[in-house]
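Student: Dropping a structure here in structure tokens format, bear with me for questions.
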Amino acid sequence: MNYRMISSTVGKLLMIEALFMTLPFFISFYYAEGIASSSVYAMVMVIIIAAGVILTAFKPRHKRIFAKEGFVIVALSWILVALFGALPFYISGAIPNFTDAFFETVSGFTTTGASILTDIESLPKSLLFWRSFTHWIGGMGVIVFVLAILPQKDTRSMHIMRAEVPGPIVGKLLSKTTATARILYLLYTAITLLETFILYIGKVPLFDSITLAFSTAGTGGFSIKNASVAAYDSLFVEIVLSLFMILFGINFNLFYLILVRQIKRVLKSEELWVYLSIIAASTLAIACNIMPSVKTFGLALRHAGFTVTSIISTTGFVTADFNKWPTFSKCILTALMIVGAMAGSTGGGLKTARVIMLFKSGFREIRRAIHPGTVKCIKLDGAVVDKETVSTVNSYFTLYMVIIAVSTILVSFNNFDFTSTFTAVITCINNVGPAFDAFGPKSNFSALSDFSKIVLSADMLIGRLEIFPMIILFSPSSWKKNI
Amino acid sequence: MKIIIAGAGKVGETLIEQLSGENHNVVVIDKNAKLIERLVNSYDILGICGNAASYGVQMEAGVNSADVFIALTQTDELNILSCLVAKTAGIKHTIARVRNPDYSKQFGFFKNELGLSMTINPEYSAAREIAKVLHFPSAINMESFAKGAVDLAEIKLKHDNPLCGSALSEIQRKFNVNVLVCAVQRNSDVFIPRGNSVLEANDKLYITAPRKELVRFMKKIGIYRHKTKNIMIIGGGKVGYYLAKQLSENGGYNIKIIEKDFARCEFLSEALPDVQIINGDGTDRDTLFEQGIEKLDAFVALTSIDEENIISSMYASSLGITKTVAKINRVSSKVLQSIGMDSEFSSKLIAADRIVGYIRAIGNSDESSVQTLYKLVDGKIEALEFFITAEFEKTGTPIKDLKIHKDTLIACIIRNARVIFPRGDDTIQTGDSVIIVSKSKQFRNINEIFR
């Protein structure tokens, strides 16, 4: 384990977080929130920079890092970034309990959008901005950002990037990691700006447009209104947000392919078609199911469409209170939480690609039982997926289920009903946001005990970083002195 | 003695060279006519081309008048079968090389039920030697006599060693330890030192002492190293397998094997559940670092390619790993010494030494024959253990009155599990084990050491 390299990389990353902190700092000036509010950010920046200076003081003797160090760097960075990112909430007194502040920040960075705030609108604008901004940073990844802006001389940055970018297979767009990271962030920024612009010309206030765009881009779900998107009560806003939620749930490599005019390859993507089909089918099914309770099919389709895109992209914006919907609809929504968005997008969940592979390998087993000795390769987009990847996906799913089971048991000490407990875990590990019953779209997570909040924060991090980095960080064998 | 060797591979040829040099009548059987022709031209032996398990071929080789039959062909089953044929033909001593790990647990069965005099597994023996060195890493090489009562350790003197510049007679007084330096290798020269010999830097010393004294001595001269813990083995072939198995059975080691071949890795992971098996190229620098080469106590290179073993273990040394071991098949140890290798092992030499030791022992009708034989420094020095029976002629004579051959040394006498470094007044008695170090005299009997 190259401790010095880990420490200095994490240190650099904290410096970047301090840089991010300048934005709410200026915003607090812009909205004239007073010297007390601005000085909070200044103080936090000083703390973060001090931590960064200490960590980067360990100059690495050599820059050799491997997959193991990559995982540790990513996991450690996320925990530290969330800890320091929680400071503005805590120090300003907006969230007096530090566990709550940590939960809120983890929920922000992991683009979950689960909140413990009961009155969101009472927060100062600069804090609301920081809260939504964490979604935007966390969406594409803090470390990918560092890779994009810092010149990288060493060649092993892919180990870090692979650990942070979601999906079973991480493809590079270009031969250089830095260039790949830059293109990803350029695309990300461009689409975010486009969304802000469209919302703004649709008569949404600028501050709201920006924060909504941040939340959509990261597929997070924090809103600056207590009633979430329902507060705008505008079909235009809902359609724009739905479209952009679908877009941000798509693998960014496909956008790049469009950019380099390889539309054919985009259309060939099996994952894309499955993703879009699931959205269409679930929307129709839920619309029919909720028809009796709302008056028109048009309204049913509007609610169903927005909720489905919001849930499958793991954003978690809310217009209708789907907690009151029939059980069938709730079951579909729970399934959508688990499936999640496409690999390589900013969304969470299992990822469509993994679900496709799980189904294919499941069907292969059935086929083998019927026709013993069958040899069948698993293909995705017409290319054979290698055996190792298929087996990794299978073990990933197993670990995922185990973590859900363990977390559910841990949260159950809090003695909420089963649906609330189970869906709270599901929504956190898949980075969605709202759950059902006690933690439904119209309520929040503040009722949980500190212990449950820590468990769910861990679930959010585990889900966002796709299990392995967090487990590797905390497994004793990666810190052993022995080989 | 008449000795038939079936199969002239690496071990076979080493044996032919040694045994024909010791004036035995050697007949070699091999399927390869060209190989036979080359051997007959290079050594003073008789060659027969054919299948060693065939009765006809064995009769042609004169099996009915031979004393020893050594089967060293490629296949274990052929070796066992040809030994059985030879046994039926009336030969007394049969030696078979059996390498397959499947048979490694039934050596007793081969001996007792099938009547083979000796079964040797060169890879297993090499693994045992390596395991000894890993257990006692202060020495470059370790051998033991009299069931472990006395060790023979090989150490190298670095420039800063306090022994440099002191005469042998001063050692005992200076360090207050009971050890005996029985041979010294200086550059390519070997000599048996006297009390007034002065040690120099870069000398290689061969030291006999009980283990406890050896440890004390090494601590005093500052070369003692603790038992190794983290061991990386490059190449999961037979030697690697046996070594990892022995070490994991001993316990207390963390072992990692890096093996290129995936199918072999799967076999190893099944056979060695306590050992980490990594599928990768152990000569690749990145792989080595990823697998934590900096944390190692010992690096063991056992691939089939000598050059890879040499280069990767030198690389490991350069990273500061104190114990590196390389398996060598072909390259002469002279070359290796000149480039400063730490420890190296050759399974063919280990196997050949064991067979030669056995043949020396049966060459004598009496029991005061060679118990153990080690060849040191390319065979220039031999260390032999004799058991003293009533037939020993000089029982009770003080050593100062015995006339011993030049370049021969009575290193120590083991009496009732007590080790005596003999002085002039000591005597050799019946029931003792005596260790003799000699500069290539090829003694077969203790009586031969006296002029």
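The values are calculated or read from the model by the stated rules, or taken from the named source; none is laboratory data. Keep in mind that this is a model prediction, so the values were computed, not measured. When we count neighbours, we look across all protein chains shown, and the Cβ atoms used for this are built from the backbone with ideal geometry, even at glycine. Quick note on the areas: whole protein, heavy atoms, side chains included, nothing else; ligands and nucleic acids left out. Shrake-Rupley method; radii C 1.70, N 1.55, O 1.52, S 1.80 Å.
Student: Count the net charge of all other residues whose Cβ sits under 14 Å from the Cβ of B:Phe262, scoring Lys and Arg as +1 and Asp and Glu as -1.
Tutor: So the environment of B:Phe262 carries a net charge of -4.
Student: Using a 10 Å cut-off on Cβ to Cβ distances, tally the other chain neighbours for every residue of B:292-303 and report the average as a whole number.
Tutor: Mean number of neighbouring Cβ atoms from other chains: 2.
Student: Sticking with this one: Give me the extension gain from B:Asp425 to B:Ser169: residue separation times 0.36 nm, minus the current Cα-Cα distance, reported in nm with one decimal.
Tutor: Full extension from B:Asp425 to B:Ser169 adds 90.4 nm.
Student: Leaving ligands, DNA and RNA out of it, work out the accessible area of A:Phe145 with a 1.4 Å probe and give it in Å² to the nearest 10.
Tutor: Roll a 1.4 Å probe over it and A:Phe145 shows about 30 Å².
Student: For a Förster distance of 56 Å, can you work out the FRET efficiency between the beta-carbons of B:Lys212 and A:Ile258, rounded to the nearest 0.05?
Tutor: Once rounded, the FRET efficiency stands at 0.15.
Student: Also, I was wondering about something else. What ranking of A:Ile6, A:Ile183 comes out by heavy-atom accessible area, probe 1.4 Å, highest first?
Tutor: So, going from the largest accessible area down, we get A:Ile183, A:Ile6.
Student: How large is the accessible surface of A:Lys360 in square angstrom, using a 1.4 angstrom probe and rounding to the nearest 10?
Tutor: 70
Student: Further, regarding this structure: What is the packing order of peptides B:286-294, A:204-212, taking the mean over residues of other C-beta atoms within 10 Å and listing the highest first?
Tutor: A:204-212, B:286-294
Student: Just give me a number: lysine pairs in region B:127-220, eight or more positions apart or cross-chain, with C-alpha atoms less than 13 Å apart.
Tutor: Lysine pairs, 8 or more places apart or on different chains, close enough: 4.
Student: What does the average come to when, for each residue of peptide B:172-182, you count the partner chain Cβ atoms lying within 10 Å of its Cβ?
Tutor: 0
Student: Just need the relative contact order of chain A here, percent rounded to a whole number, with Cα pairs under 8 Å and 6+ apart.
Tutor: Once divided by the residue count of chain A, the mean separation gives 18 percent.
Student: Considering only Cα-Cα distances, which of the following residue pairs are longer than 21 Å: A:Lys203/A:Lys225; B:Lys238/B:Lys380; A:Lys68/A:Lys480; A:Lys63/A:Lys481; B:Lys348/B:Lys375?
Tutor: With Cα atoms farther than 21 Å apart: B:Lys238/B:Lys380.
Student: Also: Report, in whole Å, the centroid distance computed from the Cα atoms of region A:244-318 and region A:338-391.
Tutor: 21
Student: Would you calculate a helix-derived [θ] at 222 nm for chain A, using -39,500 (n - 2.57) for each DSSP H run of n ≥ 4 and dividing by the full residue count, to the nearest 500?
Tutor: It lands at -21000 deg cm²/dmol.
Student: Contact order normalised by length for chain B, with contacts defined as Cα pairs under 8 Å and 6 or more residues apart; what percent is it?
Tutor: Over chain B, the number comes to 11 percent.
Student: What ranking, highest mean first, results for peptides B:76-84, B:235-243 when packing means the other Cβ atoms within 10 Å averaged over each residue?
Tutor: Those peptides, ordered most packed to least, come out B:235-243, B:76-84.
Student: Given labels modelled 7 Å from the Cα in the Cβ direction, how far is it in nm from A:Phe451 to A:Ala281?
Tutor: Using points 7 Å along Cα→Cβ, the separation is 4.1 nm.
Student: Using a 10 Å cut-off on Cβ atoms, rank the peptides B:90-99, B:36-45 from the highest mean neighbour count down.
Tutor: Answer by packing, highest mean first, reads B:90-99, B:36-45.
Student: Still on this structure, I have one more. Tell me which GluC sites (Glu not before Pro) from region B:80-170 have a DSSP coil assignment and no more than 11 other beta carbons within 10 Å of their own.
Tutor: Those that pass, being in a loop and sparsely packed, are B:Glu113.
Student: Using just the helices of chain B, give the 222 nm mean residue ellipticity in deg cm²/dmol: DSSP H runs with n ≥ 4 each add -39,500 (n - 2.57), and the total is spread over all residues, rounded to 500.
Tutor: Value at 222 nm, helices only: -9500 deg cm²/dmol.
Student: Which value, in Å², gives the accessible area per residue of chain A when a 1.4 Å probe is used on the protein heavy atoms?
Tutor: 41
Student: To the nearest hundred square angstrom, how large is the accessible surface buried between B and A, total for both chains, probe 1.4 angstrom?
Tutor: Its buried surface, counting both partners, is about 1100 Å².
Student: Given a Förster radius of 22 Å and the C-beta distance between B:Lys406 and B:Asn187 as r, what FRET efficiency does 1/(1 + (r/R0)^6) yield to the nearest 0.05?
Tutor: Given R0 = 22 Å and the Cβ-Cβ separation, E is 0.55.
Student: Then there's this: Classify chain A: rounded, prolate or oblate, from the alpha-carbon gyration tensor (a ≥ b ≥ c, eigenvalue square roots; a/c under 1.5 rounded; otherwise prolate if a/b is larger than b/c)?
Tutor: Because its axes are fairly even, with a/c under 1.5, chain A counts as rounded.
Student: What is the mean number of Cβ atoms from other protein chains located within 10 Å of the Cβ atom of each residue in peptide B:281-288, rounded to a whole number?
Tutor: So the per-residue partner count for this stretch is 1.
Student: So, R0 is 45 Å and r is the distance between the beta-carbons of A:Ala50 and A:Asn482; what FRET efficiency does that work out to, to 0.05?
Tutor: Efficiency, from the Cβ-Cβ distance: 0.85.
Student: If you don't mind, another one. Return the carbon/sulfur percentage of the accessible area of chain A, one whole number, probe 1.4 Å, all protein chains in place.
Tutor: Roughly 69 percent of what the probe reaches on chain A is carbon or sulfur.
Student: Quick check: at a probe of 1.4 Å, how many percent of the accessible area of region B:190-288 sits on carbon and sulfur atoms?
Tutor: Ligands and nucleic acids excluded, carbon and sulfur give 46 percent.
Student: Could you tell me which of rounded, prolate or oblate describes chain B, using a ≥ b ≥ c as the square roots of the eigenvalues of the alpha-carbon gyration tensor, with rounded for a/c under 1.5 and, failing that, prolate when a/b is larger than b/c and oblate otherwise?
Tutor: Oblate.
Student: Tell me, in nm to one decimal, what length is gained between B:Asp274 and B:Phe262 on full extension, where the rule is 0.36 nm per residue of separation less the Cα-Cα distance?
Tutor: Difference between extended and current length: 2.5 nm.
Student: Continuing with the same structure: How many nm separate the modelled label positions at A:Asp233 and A:Asp119, each set 7 Å beyond the Cα in the direction of the Cβ?
Tutor: Once both label points are built, they end up 2.2 nm from each other.
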